[in-house]
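J.: Below you will find the structure I want to go over with you.
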Amino acid sequence: MSATGAFFSKHILGIDLTKLKDVTEKRSLEEVTAEIHQELGALANVTLDIAITGASGVGKSSLVNALRSMTDYEEGAAKTGSVQTTMDIHGYPHPLFPKVTLWDLPGIGTPEFTLKEYLKKVNFSQYDFFMIVASERFTVYDVLLAQEVKKMKKKYYYVRSKVDLSMDSERRRRNFSEARTLEKIRNYCCESLRGAGEPSPRVFLISRWHLNKYDFPLLQETLAMEMDGLKRHALILALPVFSREILEKKKA
């Protein structure tokens, strides 16, 4: 077995090599090896589709690149700073794990489309989970989308982007406090979501340019905890390393 195969079989498939002797006492080595190869094949074929939705200009493309461990300027990176047309949909495979795809979707608050038409246009059912992104405040359209995701028993995450710009603006004020400013931003987002009908909002505050700060590491850890099965393992492998917990999961 290759080094990569050994890594997958130990870490991803949860096979404790220190217990291999105990396993082979009950089953032949050929049976155990065949099972490992079968599970490796299943992992190699697993797909993960992540939807990132929000209005034009909220930082979706930069978030797509961040989750692919890419800068905004590399070849193959999602283009940033461009104006998105009404229903542009772009899929970006992870450069190292091409069956993990991040999808840049338009925001749902488009008057040309009803909610039902939007869900059909973006092929709503194909995604494993959703990130709903805003750079200032969330709207009733964001909550309507989240409710549809919930009906499908899938996960969604509210992400408030461009926190660094808000911090820079507030930093000019006297008696600036980063902790108080973050709390203010979070409370504002949660209040707007509750006002739109989200009873228990959870918002992750992130900056594309400071991935080790704010809530980006927490977002990663939350995604890893809330995914199941082989898709969870594919996600952990694909995530950039900006938290000790994710690093330990990759190294275990």
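J.: Picking from Asp128, Asp142, which residue would you name as being over 19 Å from Arg186 (Cα atoms), open to solvent by 10 Å² or more (accessible area, probe 1.4 Å) and at pLDDT 90 or above? Let's see the steps before the verdict.
T.: Values: Asp142 fails: over 19 Å from Arg186 (Cα atoms).
Residue meeting the stated conditions: Asp128.
J.: Going by what's in this entry, would Pro201 be described as within 18 Å of Arg68 (Cα to Cα), open to solvent by less than 30 Å² (accessible area, probe 1.4 Å) and not polar (S, T, N, Q)? Explain how you work it out, then say what you get.
T.: On the way: within 18 Å of Arg68 (Cα to Cα): no; open to solvent by less than 30 Å² (accessible area, probe 1.4 Å): yes; not polar (S, T, N, Q): yes.
So Pro201 fails the test.
J.: With the condition kept exactly as written, say whether any residue in segment 163-175 is among the β-branched types (Val, Ile, Thr) and in contact with a helix residue (DSSP H, G or I) (Cβ under 8 Å, 6 or more places away or on another chain). Walk me through how you get there before you give the answer.
T.: Start the filter on segment 163-175 by keeping residues that are among the β-branched types (Val, Ile, Thr), which leaves 163.
After this cut, where a residue has to be in contact with a helix residue (DSSP H, G or I) (Cβ under 8 Å, 6 or more places away or on another chain) as well, the list is 163.
There is at least one residue in segment 163-175 that is among the β-branched types (Val, Ile, Thr) and in contact with a helix residue (DSSP H, G or I) (Cβ under 8 Å, 6 or more places away or on another chain).
J.: Can you say whether Val100 is closer than 17 Å to Ile206 by Cα, of a type outside the set (S, T, N, Q), crowded, with 22+ Cβ neighbours inside 10 Å and at pLDDT 85 or above, as far as the supplied structure shows?
T.: Numbers: closer than 17 Å to Ile206 by Cα: no; of a type outside the set (S, T, N, Q): yes; crowded, with 22+ Cβ neighbours inside 10 Å: yes; at pLDDT 85 or above: yes.
For Val100, the condition - closer than 17 Å to Ile206 by Cα, of a type outside the set (S, T, N, Q), crowded, with 22+ Cβ neighbours inside 10 Å and at pLDDT 85 or above - is not met.
J.: Just one of the numbered conditions (1) touching an Asp or Glu at 6+ places or on another chain (Cβ under 7 Å); (2) modelled with pLDDT under 85; (3) of a type outside the set (Lys, Arg) is not true of Leu230; which one?
T.: Unmet for Leu230, out of (1) touching an Asp or Glu at 6+ places or on another chain (Cβ under 7 Å); (2) modelled with pLDDT under 85; (3) of a type outside the set (Lys, Arg): (1).
J.: Would you point out which residue out of Ala224, Ala179 is among the small types (Gly, Ala, Ser) and exposed (fewer than 13 other Cβ atoms within 10 Å of the Cβ)? Show your work before the answer.
T.: Numbers: Ala224 fails: exposed (fewer than 13 other Cβ atoms within 10 Å of the Cβ).
One residue alone meets the criteria, Ala179.
J.: Could you list, in sequence order, the residues of segment 206-227 that are more than 22 Å from Asp49 (Cα to Cα) and touching an Asp or Glu at 6+ places or on another chain (Cβ under 8 Å)?
T.: Ser207, Trp209, His210
The values are calculated or read from the model by the stated rules, or taken from the named source; none is laboratory data. Keep in mind the model is a prediction, meaning the values are calculated, not measured. Note that each Cβ is placed from the backbone with ideal geometry, even for glycine, and that neighbours are counted across all protein chains shown. Accessible surface is based on the protein model in full, side chains and every heavy atom, while ligands, DNA and RNA are left aside. Shrake-Rupley method; radii C 1.70, N 1.55, O 1.52, S 1.80 Å.
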